[in-house]
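So the structure is just underneath, and the comments pick up after that.
Rule-based calculations on the coordinates, nothing more; no lab input. Remember, it's a predicted structure, so these values are computed and weren't measured experimentally. Cβ sites come from the backbone with ideal geometry, for glycine too, and all protein chains shown count toward neighbours.
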Amino acid sequence: MKRIWIAALALALIATACATDNESESTGASTTQVPTTEATTTVPPTTDAPTTTQPPAVSGGTLAVSASALGEVITDGDGNTLYLFVPDAQGDSTCYDGCEAAWPQMDREVSAGDGVDPALIGSTERTDGTQQATYNGWPLYYFASDAAAGDTNGQGINEVWYVIDADGNAVE
């Protein structure tokens with residue numbers, strides 16, 4: 001009986017040593033180990049893993065208002081939906097590392113297109129020194145699982161990712 005207990009303890013110690021407990025810089029939350037059939041993947045808790053391999057092309061330095069199933073929302077000049085991240089609280093970006101992989105930032109100067117209030121356009125500096133476009137103070141992001149212009153697959157994810165209306169507010 002003592003040998004079984006020692007063997008179980010040894011296995012538990014090995015399992016503990018092999019596990020990781022990374023902290024997400026963007027939210028301060030622990031990452032979650034998500035098993036797959038082939039390997040274990042680490043996914044930040046405030047993002048869902050993208051189902052596509054590439055985010056929409058980061059192009060078109062113009063913001064526009066486009067019609068969607070959620071109403072009129074802010075998009076880039078190519079019609080790709082833009083999102084806000086509630087933890088940013090209309091300030092600096094807090095989406096980095098794993099978060100940034102699923103939610104690439106709109107990282108250029110932009111101009112106002114149809115329906116966009118130019119007074120709400122701005123930018124914020126990220127920790128790597130790059131500029132991220134903002135609208136009404138919200139840093140702007142794409143969602144990697146939006147495969148085509150007009151997609152809104154990121155809407156409401158974890159109740160922190162939302163599309164933005166023409167007034168610069170979250171569409172909930």
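Per-residue extension of 0.36 nm, minus the Cα-Cα distance of Asn153 and Ala89, leaves a gain of 20.9 nm for this segment.
Exposure proxy for Thr127, Thr81: other Cβ atoms within 10 Å of each Cβ, ordered fewest to most, give Thr127, Thr81. Amide H contacts for Ile121 (H built 1.01 Å from N in the peptide plane; partners 5 or more residues away or on another chain; cut-off under 5 Å): Asn136.
Computed from backbone phi, the HN-Hα couplings of region 83-88 come to 10, 10, 10, 3, x, 5 Hz, rounded to whole numbers (Karplus: 6.51 cos²θ - 1.76 cosθ + 1.60, θ = phi - 60°; Gly and Pro given as x).
Amide H contacts of Tyr141 (H built 1.01 Å from N, in plane; Pro and chain starts excluded): Tyr83, Met106 sit under 5 Å, all sequence-distant by 5 or more or on other chains. As a proxy for reagent exposure, Asp88, Asp76 were ordered by neighbouring Cβ count within 10 angstrom, fewest first; the result is Asp88, Asp76. Of the residues Thr94, Thr75, the one with the fewest other Cβ atoms within 10 Å heads the list, and the complete ranking is Thr94, Thr75.
Between Asp114 and Thr62, residue separation times 0.36 nm minus the direct Cα-Cα distance comes to 17.8 nm.
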